[in-house]
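As structure tokens, the structure follows; a few thoughts come after it.
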Amino acid sequence: MVKDKRGRPLRDLRISLTDRCNMRCSYCMPREHFPADHPFLPKSEILSYEELASLIHAMIPLGLEKVRLTGGEPLLRRDLCEFIKLIPSELDIAMTTNGLLLGKFAEELKLAGLKRVTVSLDAIDIETFQVMSDTKANPETVLRGIESARLAGLKVKVNTVIRAGYNEHSIKAIPERFLGTDVIVRFIEFMDVGETNSWNLQEVVTGDQMRSMFDHLKSLEANNIGEVANRYKFGNQEIGFIESVSKPFCNDCSRARISADGALHTCLFSSDGHDLKAILRMGASKDDLSKAISTIWNGRSDAYSEQRGSVEHTKVEMSYIGG
Ligand code: SAM
Ligand code: SF4
Ligand code: SF4
């Protein structure tokens with residue numbers, strides 16, 4: 001099993017399947033920076049499904065256990081289910097989506113081998129939803145997508161980013177909406193990813209502040225090492241808090257990311273990736289790829305969230321690197 005400089009394994013791979021999205025969440029792809037004519041990656045630069053599958057196969061001997069499909073919006077990538085079928089079923093295969101197209105694809109995704117889906121939903125009232133996502137979409141479409149995923153047999157989590165002044169009321173409203181279901185809601189602190197989302201600390205609602213809005217929360221043990229959410233029992237429901245700003249979890253971070261154009265990033269907040277596409281397109285074997293990835297991982301010392309405020313570098317955008 002490969003380890004980095006701090007002894008952290010490479011267990012979890014997030015793949016950005018596309019840098020495009022059908023939403024323009026202000027905290028991720030603000031419309032003024034990502035207009036309709038934004039120069040998104042051309043198709044020739046994007047890794048094919050076969051190329052991505054080769055990378056996954058090369059990472060399995062290094063200790064890979066989980067693959068998460070993300071983006072951009074992964075459901076915009078054509079024939080996504082064909083890719084899922086190429087991923088070895090021994091891996092935990094998950095996806096993060098904004099849910100707008102989930103109703104259409106849920107059953108097919110499950111049949112292809114997807115096990116879990118995380119659906120991003122920042123509000124259930126239409127006004128706040130449309131402001132947060134900067135779309136004319138209706139949250140009911142996402143809610144119907146979640147229902148289709150559950151009916152198809154997928155395990156569902158909901159991710160809710162809380163941004164002060166925008167959607168604090170979702171902290172109560174969203175768990176209430178899923179009361180009596182097995183859907184786990186997880187609140188995410190607004191993060192300073194990329195360079196375009198006008199992040200400032202005043203707009204971060206910390207996990208502690210969110211928890212103070214609930215009575216009778218009971219803390220739960222972590223499911224496994226590297227779990228990003230701090231878990232709590234709320235009545236019969238589980239809710240979680242991803243507190244990357246106020247309680248960094250770099251110490252256990254075992255996540256690698258591949259951008260849509262094939263760069264390996266060893267931290268969500270990195271500036272440069274390692275160009276795996278070039279190695280792939282030079283005809284590298286599985287062993288060559290494993291060795292290259294192993295060398296990159298051995299040299300990893302990332303811990304951005306622990307050092308926030310004391311590091312200055314230009315960060316890549318989350319839609320490019322994969323959330
Ligand atoms: N488009 C898909 C979606 O929204 O689920 C997948 C990609 S998105 C980049 C992955 C996750 O990152 C989403 O749950 C989103 O809410 C979260 N995210 C994006 N920007 C963020 C930010 N600035 N702070 C915290 N979470 C963020
Ligand atoms: Fe798109 Fe997801 Fe980013 Fe929102 S968070 S803009 S849905 S990639
Ligand atoms: Fe992992 Fe980087 Fe996030 Fe720390 S800041 S938890 S190293 S992705």
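The values are calculated or read from the model by the stated rules, or taken from the named source; none is laboratory data. If you're wondering where the values come from, they're calculated on a predicted model, not measured in any experiment. Glycine also receives a Cβ, built like all others from the backbone with ideal geometry; neighbour counts cover every protein chain displayed. Accessible surface areas use protein heavy atoms only, side chains included; no ligands, DNA or RNA. Shrake-Rupley method; radii C 1.70, N 1.55, O 1.52, S 1.80 Å.
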Notebook entry, point to check: Roughly what angle does helix 102-112 make with the longest principal axis of the chain, taking Cα atoms, 0 to 90 degrees, to the nearest 10?
Noted result: 40 degrees
Notebook entry, point to check: Taking N as the number of residues in the stretch 1-91, what is its alpha-carbon radius of gyration divided by 2.2 N^0.38 Å?
Noted result: 1.27
Next item on the list: For Arg68, list long-range residues whose amide hydrogen, built 1.01 Å from N in the peptide plane, is under 5 Å from its own amide hydrogen.
Entry: Leu13, Arg14, Ile15, Ala94
Next item on the list: Using the Cα centre as the reference, give the magnitude of the dipole from point charges on the C-beta atoms of the chain (Lys, Arg: +1; Asp, Glu: -1; all else neutral), rounded to the nearest 20 debye.
Entry: 680 debye
Notebook entry, point to check: Glu147 to Leu111: FRET efficiency via 1/(1 + (r/R0)^6), r the Cβ-Cβ distance, R0 25 Å, to the nearest 0.05?
Noted result: 0.90
Next item on the list: Find the cysteines in the chain that fail to meet the 4.7 Å Cβ criterion with every other cysteine, and list them.
Entry: Cys21, Cys81, Cys250, Cys253, Cys267
Next item on the list: Compute log10 of I(q)/I(0) for the stretch 120-259 with the Debye formula, placing one identical point scatterer on every Cα and leaving out solvent, at q = 0.08, 0.13, 0.18 Å⁻¹, to two decimals.
Entry: -0.22, -0.61, -1.18
Note to self: Quick check: convex hull over the Cα atoms of the stretch 127-190, volume per residue in Å³, rounded to an integer?
What the structure shows: 87 Å³
Check: Near Lys286, which aspartates and glutamates are there with a Cα under 15 Å away, not counting those fewer than 8 places off in the same chain?
Finding: Glu50, Glu51
Margin query: On C-alpha positions alone, give me the angle between the axis of helix 139-152 and the longest principal axis of the chain, in degrees, nearest 10.
Written below: 60 degrees
Note to self: On a straight-distance basis, which lysines could pair with Lys43 in a cross-link, Cα separation under 18 angstrom, same-chain partners fewer than 8 positions away excluded?
What the structure shows: Lys277
Item checked: Surface per residue (accessible, 1.4 Å probe) for the chain, Å² -> 44 Å²
Next item on the list: With everything on Cα atoms, drop me the angle between helix 49-59 and the longest principal axis of the chain, reported from 0 to 90° to the nearest 10.
Entry: 80 degrees
Check: How long are the semi-axes of the ellipsoid equivalent to the stretch 80-149, from square roots of 5 times the Cα gyration tensor eigenvalues, in whole Å, largest first?
Finding: 27, 11, 9
Margin query: For the stretch 60-198, what does the convex hull of the Cα positions come to per residue, in cubic angstrom?
Written below: 131 Å³
Next item on the list: Could you give the C-alpha radius of gyration of the chain expressed as a fraction of 2.2 N^0.38 Å, taking N as the number of residues it contains?
Entry: 0.95
Margin query: Computing the accessible area with a 1.4 Å probe over protein heavy atoms, can you report the carbon and sulfur percentage for the chain?
Written below: 50 percent
Margin query: Just to be sure I follow: if Rg is taken over the C-alpha atoms of the stretch 42-102 and Rh is the Kirkwood radius over the same atoms, what is Rg/Rh?
Written below: 0.96
Notebook entry, point to check: Mind listing the phi-derived Karplus ³J(HN,Hα) values for the stretch 185-193, rounded to whole Hz, using 6.51, -1.76 and 1.60 with θ = phi - 60°, and x for any glycine or proline?
Noted result: 9, 10, 8, 10, 5, 4, 10, 8, 6
Margin query: Give me the count of lysine pairs in the stretch 58-184 whose alpha carbons sit under 19 angstrom apart, restricted to pairs 8 or more positions apart or on different chains.
Written below: 18
Next item on the list: Could you estimate the translational diffusion coefficient of the stretch 228-323 from the Stokes-Einstein equation, with Rh from the Kirkwood formula over C-alpha pairs, at 10 °C and 1.306 mPa s, in whole µm²/s?
Entry: 103 µm²/s
